[in-house]
Amino acid sequence: MTAEPKLPLAASFQTPKHEDWVKLVEDALKGASLDKRLVTRSADGLRIEPLYARRTDAAPVLREGVEQPWAIAARVDHPTPGDAARLALEDLENGVGALSLVFAGSRSARGYGIAPARVAELDAALSGTMLDIVALRLEPAPGGRVNAALMAQLVEARGLAPASCRIAFGLDPIGTLIHLGHVSAPWDAVAQQLAEAVIGLKSTGFPGPFLNVDVRPYHEAGASEGQELAAALATGVTYLRALEAHGLPLAEARRAVDFTIAVDADQLLGLAKLRALRRLWSKVEESCGLAPEPIRIHAETAWRMMTRRDPWVNMLRATMAVFTAGIGGADSVGVLPHTLPLGLPDAFARRIARNTQSILIEESNIWRVADPAAGSGAIEALTDEVARAGWTQFQAIEAEGGLVASLTRGALQARIGAVRASRLHEVATRKSAITGTSEFPLLSEAPVSVLDVPVSAIQDLPALAAGGRDVPFADLLSRVGAGVERTAADSTTVPGGLMAEPLPSIRLAQAYEALRDASDARLAAVGQRPRVFLASLGTIAEHTARSTWIRNTLAAGGIEAEVPEGFASPDATVEAFKASGANVACIASSDAVYADQAEVTARALKAAGARHVMLAGRPGDLEAAFKAAGVDEFIFAGQNMVEVLRSIQDRTP
């Protein structure tokens with residue numbers, strides 16, 4: 001029997017052209033600029049087009065071991081060793097394959113973290129964890145050499161072969177420099193200590209990696225994607241130079257380095273950043289005369305995007321970030337529990353964090369396609385552009401004498417500061433919306449549960465007794481093995497040490513959260529939040545768009561405003577205003593109703609005792625008339641809402 005030929009359906013349709021699409025869009029926009037309406041720009045100024053053609057010349061960007069899903073990582077950060085071990089075991093029993101040891105005093109500890117003074121205390125924090133089965137990451141932290149020595153001696157104390165353990169030791173003195181603002185010695189001495197530690201651990205039999213290029217601090221400081229990539233390359237190259245200068249061949253030195261990167265809810269730029277990092281490091285390896293090898297990337301959901309208000313939305317942000325990291329080729333992924341900005345997460349928050357990944361791996365199976373973004377016109381174009389921006393800015397750092405020189409002069413910090421200011425301005429003007437905080441806030445939200453664990457005062461744990469900062473690594477191992485106790489060393493600068501301006505750690509929502517905190521304090525003190533009387537004029541159909549918008553806007557600043565059905569006359573408006581007890585009023589309705597009623601309503605509210613009268617929306621040609629009638633302020637999209645809301649709070653009783 002002859003099979004019937006397949007119908008060539010695609011051949012029945014004309015192949016669309018980009019120019020045809022542009023013409024249709026321009027017609028729909030009715031003269032408005034396509035660039036202004038549909039083209040956006042990244043923090044690096046890169047154009048993000050609304051439509052891209054498929055790329056047929058693209059090659060996939062692959063991690064090592066694509067036949068297996070990425071590893072799910074969980075934090076070990078409870079200050080009490082027994083509780084830390086219990087929570088870690090619960091994670092391991094429920095799908096986690098890697099543990100991130102978060103040490104007190106590190107940037108990622110957020111005021112918590114383990115603080116082992118001896119091997120026995122680290123052993124207790126990892127009680128029940130099989131070190132030759134579970135992958136371990138030592139989070140970069142001040143005193144990283146001591147942390148590495150403690151871990152190495154714990155492996156020996158348990159009678160395990162170092163070669164059987166998958167331990168990333170997380171040494172990152174540049175991370176300490178930008179966190180604390182100083183390290184204890186000039187860079188040449190730091191580089192020597194770093195190389196001694198790597199060579200010492202390798203000689204013991206640990207396969208590594210030993211050094212971590214931690215890009216998260218730059219992301220937390222507000223850096224652009226290009227700046228993050230430039231910092232990653234500059235850090236990695238600095239570490240390669242340090243190891244090579246002290247006897248480690250480049251072919252071995254590059255295998256001593258891994259990367260940690262933050263991924264937020266911006267899927268397109270997140271994918272481009274992850275893929276660009278692999279491409280760019282391959283270029284560095286080629287420049288060193290090496291055949292490129294896959295690097296190890298640990299991705300973590302971004303601290304910068306998390307909120308204290310409506311923290312449930314953090315789950316959605318984390319889901320998008322994990323999806324991006326997973327299909328972007330991360331080797332392991334850690335999810336910051338959604339309640340972390342509020343305190344040490346409990347078992348429920350930790351379960352949600354790990355299950356976010358488990359669902360995407362086990363149910364959605366997104367790991368089964370290696371680099372699914374390959375060939376996407378949008379992702380390939382953005383990968384190229386982000387990589388180009390990163391390489392250009394890396395070259396600028398190199399021209400400044402390298403990363404350490406750039407940081408000690410404050411050059412890179414200044415460039416990141418400019419981008420941070422731009423990001424915060426976009427948040428303040430609500431150009432960049434934060435769901436649950438600057439948009440769609442809920443003043444009556446219920447508190448969430450966190451563990452009753454106080455924030456630690458520990459900022460720096462770099463030393464052992466009797467000069468542990470400066471001893472050779474081999475002696476450090478001996479001291480740790482002999483039980484010499486770590487001491488909480490003074491975190492002030494050491495004469496001759498390296499100094500730099502620390503990078504700040506921000507969350508984009510903080511300005512709005514401060515307004516909400518002030519509102520909560522007012523409620524606790526006098527039993528009432530700041531209030532604005534909403535003078536919604538006309539029918540619901542006439543006022544609902546603006547009255548709903550202004551109510552949500554005010555709520556973002558912790559200011560209450562009830563939306564009435566609508567007032568048919570100035571007399572009805574004034575009567576309700578007097579009954580409300582408020583002294584600030586805001587008129588809200590359509591432009592047509594404003595033209596008929598706004599002036600008389602403003603006069604009536606002023607006569608009734610309103611100290612401050614606002615109007616929602618731009619006044620247009622009627623601005624002078626509205627002001628003459630008593631309107632003190634116009635509230636409209638695009639203003640710095642943080643400043644506007646702060647001033648309204650100050651005016652309300």
Shape of the range 540-602, Cα gyration tensor, a/c cut at 1.5: oblate
Protection proxy ranking, peptides 241-248, 282-289, 119-126, average beta carbon neighbours within 10 Å, highest first: 119-126, 241-248, 282-289
Estimated dipole of the range 580-639 in Debye, rounded to 20 [Cβ of Lys and Arg +1, of Asp and Glu -1, Cα centre]: 240
For His612, residues with placed amide H under 5 Å, excluding near neighbours: Ala585
GluC sites (Glu not before Pro) within the range 378-449, DSSP loop, no more than 14 other Cβ atoms inside 10 Å: Glu445
Heavy-atom surface of the range 51-165, accessible at 1.4 Å and reported per residue (Å²): 37
Estimated dipole of the chain in Debye, rounded to 20 [Cβ of Lys and Arg +1, of Asp and Glu -1, Cα centre]: 440
Overall form of the range 494-653 per C-alpha gyration tensor (a/c, 1.5; a/b vs b/c): prolate
Accessible surface of the chain [probe 1.4 Å, protein heavy atoms]: carbon and sulfur percent: 55
Rounded tilt (10° steps) of 267-287 against the dominant C-alpha axis of the chain: 30
Selection of trypsin sites (Lys or Arg not before Pro), the range 522-612, meeting DSSP coil and at most 14 other Cβ within 10 Å: Arg611
Value of Rg to Rh for the chain (Rh from inverse mean 1/r over Cα pairs, i.e. Kirkwood): 1.04
Amide H partners (placed H, <5 Å) of Thr40, local residues excluded: Ile48
Total formal charge among the other residues, if their Cβ is under 11 angstrom from that of His246, Lys/Arg +1 and Asp/Glu -1: -2
Rounded to 5, percent antiparallel among DSSP beta bridges of the chain: 15
Reciprocal of mean inverse Cα separation for the range 327-380 (Kirkwood radius, Å): 13.0
Dipole in debye (nearest 20) - the range 290-431, about Cα centre, beta carbon charges: Lys, Arg +1; Asp, Glu -1: 740
Residue-by-residue Karplus 3J(HN,Hα) for the range 68-84, coefficients 6.51, -1.76, 1.60, Hz, glycine and proline x: 10, x, 5, 7, 7, 10, 10, 7, 10, 9, 6, x, 8, x, x, 5, 4
³J(HN,Hα), Karplus 6.51/-1.76/1.60, whole Hz, each residue of the range 399-406, x for Gly, Pro: 5, 7, x, x, 5, 4, 5, 4
Cα shape, the range 275-426, gyration tensor, a/c 1.5 rule: oblate
Top positive-direction residue, dipole computed over the chain with Cβ charges, set Ala272, Ile199, Ala482: Ala272
Protection proxy ranking, peptides 93-101, 266-274, 249-257, 23-31, average beta carbon neighbours within 10 Å, highest first: 266-274, 93-101, 249-257, 23-31
Alpha carbon centroid spacing (whole Å) that separates the range 362-382 from the range 100-178: 33
The range 228-240 - phi-based ³J(HN,Hα) in whole Hz, Karplus 6.51/-1.76/1.60, Gly and Pro as x: 4, 5, 4, 5, 4, 5, 5, 5, x, 5, 4, 5, 4
Positive dipole terminus of the chain, leading residue within Ala509, Ala349, Leu177 (C-beta point charges): Ala509
Nearest 10 degrees, 0 to 90: helix 510-526 Cα axis against the chain principal axis: 60
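The values are calculated or read from the model by the stated rules, or taken from the named source; none is laboratory data. Note that the structure is a prediction, hence the values are computed from the model and not measured. Virtual Cβ from ideal backbone geometry, glycine too; neighbours counted across all protein chains shown. What goes into the accessible areas is simple: the full protein's heavy atoms, side chains included, and nothing from ligands, DNA or RNA. Shrake-Rupley method; radii C 1.70, N 1.55, O 1.52, S 1.80 Å.
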